[in-house]
Amino acid sequence: MSLLVVGLSHRSAPVSVLERASLAAEAQAKLLQDTLAAEPAAEAAVLATCNRIELYADVDKFHAGVAELSTLLAQHSGVGLDELTPYLYVHYEDRAVHHLFSVACGLDSMVVGEGQILGQIKDALALGQELHTAGRLLNDLFQQALRVGKRAHSETGIDRAGQSLVTFGLEQLAAGADVADWAAGKRALVIGAGSMSSLAAATLARTGVAEIVVANRTRARADRLVEILVQPGGTGVAARAVEMAAVRDELTRADVVVSCTGATGLVLTAEAVATALGLDVDDAVEAPAAMPSVPAPADADRHAAWVENGSAATVHRTARRATVPAQGAGPVRLALLDLAMPRDIDGGTARLDGVRLVDIESLAEASADAPMAADVDQVRTIVADEVAAFGAAQRAAHITPTVVALRTMAAGVVAGEIARLDGRLPDLDEKQRAEITQTVRRVVDKLLHAPTVRVKQLASEPGGAGYADALRELFDLDPQTVAAVSRADLNDPNRGRS
């Protein structure tokens, strides 16, 4: 196994860099195709979320792989390699497995324990399968990561510790008040109709807002989301869909706005918000309001240490203090939650009187000292056990084609000897011939059973990769036969499908 991951996340890079490095769906597909075309990579998968971009690959050379994957990330993100490199981290082999399993369990999320990352990992695998860039290793890895994440959520209290970004964001907007009390009777505008926006709309409906308006570039998707919200037996919330062009008008009636689109530019400008509130954008509060308390660096370090795996291959890792947007003066007339990357809402809106803005950056700060160490310790134990099991399974799988080739060779020897026997004893009847054939096969199977079982056990242990080579050498197995078995396993249509 030669698994390599190169990436950056909210733990290693400021939001401004993550924002610029974000990858649209088309860019992700092109990145995968170019990675597979690169010499060191045999497989590739990309995990791109609002707070992380990670490129996974099966490589045959570590240093060349790191250089190539880093260069490809820079090229496709549009951030120069020299600027991007200080924020990149690198994990290799078991460390890379540990990292993805930790991510799948929510240990590396901005809000520790949130479960939405599992859907994003599933999407990353589906894209790799669709483009045929995910082979045996990455199929196995991502499938197992999904299982590990589900196990962590079912066997520990990480669900109680973690929340979705939407829920956490609404709590920050409520500023200490009960979210249901804060949301009661409010009119909400949801911009976007993707998975995060749909989650936001459903969460707002459950909290008891009076009305939800959904605006989306594709009106049909907004209509479908509204249908889900108002279906019989649901929350009973009033909901309607509008065109994106109607957003400015809807702002004048909204109390809460949640935005998460795939737009590359701003969806809400400070001017648009100021106009909706009857303010002059030039009158925005110049002096920042009192900043919420920021966890001390030691607290942030401890938070990061929950998922720190000590990899010597890590290029750069830093616990940083995010910048919270300054909040305008006066009572809150409009609450804005920006969950997009790159951002949808102009940061300058936070300085307008009566506006409260919560975005990815302020959420990162607010979550930095969340008390959930006991649950995290349980999940870390699960991750460590699963990493060991995955490594053993992969090492054992590495020798399987050799064992299959050995048994194929033995079957060929048996068939050849039976054919010779037919020539020397042509008068054998079918019953006698079948009995002799069965006896010879049993002898061969018994001779091979103990060595092949033992070699699989030895190969599953750390450092056991050399046993396959020894087996091939001892029995003079044809390398092409072994490779043919590997290819047949890799091309199995039922293998690793999500």
| query | From A245, A210, which residue is touching a Gly at 6+ places or on another chain (Cβ under 8 Å) and not basic (K, R)? | reply | A210
| message | For region 58-111, give me each residue that is free of Cβ contacts under 8 Å to residues at least 60 places away in the same chain, of a type in the set (A, V, I, L, M) and open to solvent by less than 30 Å² (accessible area, probe 1.4 Å). | response | V59, L72, A74, V103, A104
| field | Residues located in region 1-34, provided they are under 12 Å from A57 (Cα atoms) and over 18 Å from the mean Cα position of the chain (by Cα) | value | M1, S2, Q33, D34
| task | Starting from region 380-396, take each residue that is assigned to a helix (DSSP H, G or I) and list its partners that are open to solvent by 20 Å² or more (accessible area, probe 1.4 Å) and of a type in the set (S, T, Y), counting only C-beta distances under 7 angstrom and pairs at least six apart or across chains. | result | A392/S460; R395/S460; A396/S460
| said: Which numbered condition in (1) crowded, with 22+ Cβ neighbours inside 10 Å; (2) in contact with a His (Cβ under 7 Å, 6 or more places away or on another chain) is the only one that D159 fails? | reply: (1)
| said: Return the residues of region 126-136 that are of a type in the set (A, V, I, L, M, F, W, C) and surrounded by fewer than 24 Cβ atoms within 10 Å (Cβ to Cβ); say none if nothing qualifies. | reply: A126, L127, L131
| note | When restricted to L204, L199, L229, L189, the only residue more than 21 Å from A246 (Cα to Cα) and out of contact with any Gly (no Cβ under 9 Å at 6 or more places or on another chain) is L199
| request: Select, from S16, S12, S22, the only residue that is of a type outside the set (K, R), surrounded by fewer than 17 Cβ atoms within 10 Å (Cβ to Cβ) and in contact with a helix residue (DSSP H, G or I) (Cβ under 9 Å, 6 or more places away or on another chain). | output: S16
| query | Do any residues in region 119-143 that are among the charged types (D, E, K, R) have Cβ atoms under 9 Å from those of residues that are surrounded by 20 or more Cβ atoms within 10 Å (Cβ to Cβ) and in a helix (DSSP H, G or I), where the two are at least six apart or on different chains, and which pairs are they? | reply | K122/F142; D140/F390; D140/Q394
| request: Determine which single condition I212 fails, assuming it passes every other condition in (1) modelled with pLDDT under 95; (2) in contact with a Leu (Cβ under 8 Å, 6 or more places away or on another chain). | output: (1)
| remark: If we keep only residues of region 306-345 that are modelled with pLDDT of 90 or more and surrounded by fewer than 23 Cβ atoms within 10 Å (Cβ to Cβ), then the residue nearest to the chain's Cα centre (by Cα) is L334
| note | How many residues of region 232-263 are of a type outside the set (A, V, I, L, M, F, W, C), closer than 21 Å to V355 by Cβ and assigned to a strand (DSSP E or B)? The answer is 1
| field | helices (runs of 4 or more DSSP H) wholly inside region 74-156 that include at least 1 residues being polar (S, T, N, Q) | value | 94-104, 116-130, 136-155
| note | Of G169, G194, the only residue that is modelled with pLDDT under 95, closer than 14 Å to V257 by Cβ and of a type outside the set (D, E, K, R) is G169
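Conditions (1) touching a residue at least 60 places away in the same chain (Cβ under 8 Å); (2) within 21 Å of L471 (Cα to Cα); (3) open to solvent by less than 50 Å² (accessible area, probe 1.4 Å); (4) among the hydroxyl-bearing types (S, T, Y), marked per residue:
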{"residue": "I399", "(1), (2), (3), (4)": "yes, yes, yes, no"}
{"residue": "A410", "(1), (2), (3), (4)": "no, yes, yes, no"}
{"residue": "V413", "(1), (2), (3), (4)": "no, yes, no, no"}
{"residue": "G416", "(1), (2), (3), (4)": "no, no, yes, no"}
{"residue": "G423", "(1), (2), (3), (4)": "no, no, no, no"}
{"residue": "K431", "(1), (2), (3), (4)": "no, no, no, no"}
{"residue": "A434", "(1), (2), (3), (4)": "no, no, no, no"}
| Residue satisfying all of: in region 170-218; of a type in the set (A, V, I, L, M) and farther than 27 Å from T269 by Cβ; nearest to the chain's Cα centre (by Cα) among these | A202
| query | Only one of A392, A370 is over 30 Å from I191 (Cα atoms), over 21 Å from the mean Cα position of the chain (by Cα) and modelled with pLDDT under 90; which? | reply | A392
| message | Residues that are assigned to a loop (DSSP other than H, G, I, E, B), in contact with a Pro (Cβ under 7 Å, 6 or more places away or on another chain), over 30 Å from D377 (Cα atoms) and of a type outside the set (A, V, I, L, M, F, W, C): does region 39-55 have at least one? | response | no
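The values are calculated or read from the model by the stated rules, or taken from the named source; none is laboratory data. In this text, all values refer to a predicted model and were calculated from it rather than measured experimentally. Because the Cβ atoms are built from the backbone with ideal geometry, glycine has one as well, and the counts that use them run over all protein chains shown. Heads up: the accessible areas ignore ligands, DNA and RNA and are worked out on the full protein's heavy atoms, side chains in. Shrake-Rupley method; radii C 1.70, N 1.55, O 1.52, S 1.80 Å.
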